[in-house]
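What follows is a single structure, written as structure tokens, with notes after it.
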């Protein structure tokens, strides 16, 4: 990939990667760091990456960076997260907040495949390539995630 193609990839995909990271991390600064790290890694290997495959390569790299970030945060025991978990829960009324809350309850891999499919519009083959899963595994994870989301939202409907 040439530097011109790299710059095109930055212009074309940086916002998508930021949204993807933000949905996972719920922290704007960390999402920006993931975008920066992703494009840095791609630049280091820009001679090996074909421009036709750059979208998949970028999201795969971002996905792995997010997984690493989540693991690191779990080990560090972030005090802010501990405070938020101990505080009194509030009832959320906006649909976007309810969906975000439901997404947070999903296992990481289910959350990833749902975000890639429903928010970013990738097909099953592309998601399988990004996450190193088989296409049938992707379909199963999406099915289970959607079922869990539906159950969670129905439960909230009863409470409200």
Do we have any residue at all in the range 6-16 that's within 16 Å of residue 104 (Cβ to Cβ) and modelled with pLDDT of 90 or more? no
Do we have any residue at all in the range 82-93 that's within 17 Å of residue 22 (Cβ to Cβ), touching a helix residue (DSSP H, G or I) at 6+ places or on another chain (Cβ under 9 Å) and modelled with pLDDT under 85? no
Looking across the range 142-156 at residues that are within 17 Å of the chain's Cα centre (by Cα) and under 11 Å from residue 105 (Cβ atoms), the single one that is surrounded by the fewest Cβ atoms within 10 Å (Cβ to Cβ) is 149
Taking the condition surrounded by 14 or more Cβ atoms within 10 Å (Cβ to Cβ), in contact with a helix residue (DSSP H, G or I) (Cβ under 7 Å, 6 or more places away or on another chain), closer than 24 Å to residue 118 by Cα and in contact (Cβ under 8 Å) with a residue 24 or more places away in the chain, does residue 39 pass? yes
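Would you mention how many residues in the range 1-26 are part of a helix (DSSP H, G or I) and surrounded by fewer than 12 Cβ atoms within 10 Å (Cβ to Cβ)?
We begin by selecting, within the range 1-26, every residue part of a helix (DSSP H, G or I); these are 3-25.
Now restrict to residues that are surrounded by fewer than 12 Cβ atoms within 10 Å (Cβ to Cβ): 3-4, 7, 11, 15.
Number of matching residues: 5.
The values are calculated or read from the model by the stated rules, or taken from the named source; none is laboratory data. Treat the numbers as computed from the prediction; the structure is a model and nothing was measured. A quick note on method: Cβ atoms are made from the backbone with ideal geometry, for glycine too, and the neighbour counts reach across all protein chains shown.
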